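What follows is a single structure, written as structure tokens, with notes after it.
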Amino acid sequence: MSPPEDRAPLIALRDVWAAYDQSDVLENVSLEVYDRQLVALIGPNGGGKTTLIKLLLGLLTPTRGQVSILGGRVERARAQVGYVPQEIRFDREFPVSAWEVARMGRLGRRGLLRPYTAQDGAIVEEAMERTGSLHLRHRPIGELSGGERQRVYIARALAVQPRILLLDEPLSNVDPEARAIIQALLPELSQQMAIVMSSHDVGAILPHVHRVGYLHQRLLYYGPPQQAPETIRHTFRCPVDMDCEHCPCPVCAGEEHVQEALA
Amino acid sequence: MIEALQFGFMRNALLAGLLVSVACGVVGTLVVLRRIVFLSGGIAHAAYGGIGLGFYLGIDPLLGAIGFSLLAALGMGLVELRARQRADTVIGAMWAIGMASGIILLDLTSGYKADLMSYLFGSILAAPGSYLWWMLGLNLLILALVALFFKELLATSYDETFAITRNVPVEAIHLAMVGLIALAVVMMMRVVGLIMVIALLTMPAAIAVQWVKNVKWAMLLATGLSALFVLAGLWLSYSLNLTSGATIILVAGVAYLLSLALSRLRRASAPRGAPAA
């Protein structure tokens, strides 16, 4: 069952445009995410999934339109947003333990000049327990595998005690074990908070997804996965590296076609 | 070495070496982790402008250096925050402009200026007793700032983007960080000289980070290593009659290369952890 949409949305985008160096990455995107919804953003590389997540975090300002989180400005509301970044650059020699990294989720809750408390410790411990990463807590972060590190990053986001959880490609670059843990965890978490994740492949998690958004510069589809046009549903089963030759997406199939299906 | 300690200047030199090691270990570790070695080099060289200004105005060159390097550090820190694309070019220019203005200001100053080389190449043996009190004060200031803002310094060094999403004032933390570098640089210039400050600031920390997987322990180890290098360098320079600053740097450099080779060896002999991402 999809959660009710009668209350105010936690995330609301109205006619949002975004650009890097004057070239538009997102055009005219509008969507609403309600409490306890699990939303999957899909679409090709460069389609704007990461850009949309950056907008939701205030890391990027829209060139047009409005982003509202918890009914207010992003910069204020993001204290209640947990964020799991897509891993790109990383210093393997950085001398910090998994525990110290997960505890960084408490930063916003403990302002300047205020040390972490025992309560923070308990929250971090619970978050690591939930992601199955507590046994890694003494390990240096650089010695962990991609999947182990991803679980620590999810624990860091949960340590925020967020009302909204944003995950950028949480299932890429992880081993099968971590993938299974994350795929089981997200539906469970979505009973407590709104979740927006970007992903190349939603495959196994799809039955739990309430809304799917297909981004290719514009939001070509946003709604329940079951009601998506066939050309988009087809991409749910596509492998991680979506490749138009083997798995034609709605765009290579001809955008007009999608527009037609949406109409 | 023991008989050398009978001389007051030698005792002062040893104390100065130990004091400077604290700033070196603590600030150096952060510099290495944040990858702002080039920025630190810029601050160190621009500080020479402060020496020139001190002589020109007839005030203590140390005061001139503190003020000038703090200003240069804030300027370079702002450049790095605001103009990310060409930040290194602008910092390189400020680096040279700072040094050049120091030289010109000294040209414009009449009178005896024999002390100058000691700021460039270090002259720990000529450090006056009052200098030690300055160093102690600056050390306490550095330690207090790092202790107070440790969790923010760590978080912004590790993952600045995440820190922004937690509403950590990352720009203010960055500017505080470059301020710390300026203070450390001023302390160190008398020991190894402005030109070589960057080496003593980074090499002990770089070694520590190779062997210790905790930032506070790395700071402690870097402090110990720095003290060791300064003392060993001093002893060598005394017994072989060599320039003290350069000897200290060479000791540190040899240790750094050894550590680099050893840590490579260790990694090759015990492959573990994840495959490269």
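For the stretch B:19-88, the Stokes-Einstein estimate of translational diffusion at 10 °C and a viscosity of 1.306 mPa s comes to 122 µm²/s, using the Kirkwood hydrodynamic radius over alpha-carbon pairs.
In terms of overall dimensions, the C-alpha atoms belonging to the stretch B:6-161 reach 51, 38, 20 Å along their principal axes, ordered largest to smallest. When you filter the trypsin sites (Lys or Arg not before Pro) in the stretch B:194-277 for DSSP loop state and at most 14 other Cβ atoms inside 10 Å of their Cβ, you are left with B:272. Applying D = kT/(6 pi eta Rh) to chain B, where Rh is the Kirkwood radius over alpha-carbon pairs, T corresponds to 25 °C and eta to 0.890 mPa s, the Stokes-Einstein value obtained is 127 µm²/s.
For chain B, what relative contact order do you get, as a whole percent, if you take Cα pairs closer than 8 Å and at least 6 residues apart?
Relative CO of chain B lands at 30 percent.
When Rg and the Kirkwood radius Rh are both evaluated on Cα atoms of chain A, their ratio Rg/Rh stands at 0.97. The modelled label-to-label distance for the pair residue B:126/residue A:112, using points 7 Å beyond Cα in the direction of Cβ, is 4.0 nm. Using the Cβ-Cβ distance between residue B:262 and residue B:112 with R0 = 56 Å, the FRET efficiency computed as 1/(1 + (r/R0)^6) comes to roughly 0.70. Equivalent-ellipsoid semi-axes for the stretch A:1-123 (Cα gyration tensor, √(5λ), whole Å, largest first): 29, 20, 15.
Over all residues in A:90-98, what is the mean tally of Cβ atoms on other chains that come within 10 Å of each residue's Cβ? Taking the mean over all residues of the peptide, I get 6. Compared with the dominant principal axis of the Cα atoms in chain A, helix A:146-158 is inclined by about 80°. For residue B:216, the lysines whose Cα comes closer than 19 Å to its Cα, not counting residues fewer than 8 places off in the same chain, are B:151.
Apply the a/c threshold of 1.5 to the C-alpha gyration tensor of the protein assembly as shown and tell me whether it is rounded, prolate or oblate. It is prolate, given that a/c is not under 1.5 and a/b is the larger ratio. Considering helices alone, the calculated mean residue ellipticity of chain B at 222 nm is -27500 deg cm²/dmol, with DSSP H runs of length four and up weighted by -39500 (n - 2.57) and normalised per residue. FRET efficiency for the residue A:129 to residue A:180 pair, using the beta carbon distance and R₀ = 22 Å, is estimated at 0.85. Working note: Karplus 6.51/-1.76/1.60 with θ = phi - 60° gives the stretch B:227-235 the couplings 4, 4, 5, 5, 5, 4, x, 4, 4 Hz, where Gly and Pro are set to x. Length gained on full extension, residue B:86 to residue B:161, computed as 0.36 nm times the residue gap minus the Cα-Cα distance: 25.0 nm. Compared with the dominant principal axis of the Cα atoms in chain A, helix A:176-189 is inclined by about 80°.
Qualifying trypsin sites (Lys or Arg not before Pro) in the stretch B:1-95, where qualification requires a DSSP coil assignment and no more than 12 other C-beta atoms within 10 Å, comprise B:35.
Values quoted throughout were computed directly from the atomic coordinates according to the rules given, and no laboratory measurement underlies them. What you see is a predicted model, and the numbers here were worked out from it, not measured in a lab. Quick reminder, even Gly has a Cβ in these numbers, built from the backbone with ideal geometry, and neighbours come from all protein chains shown.
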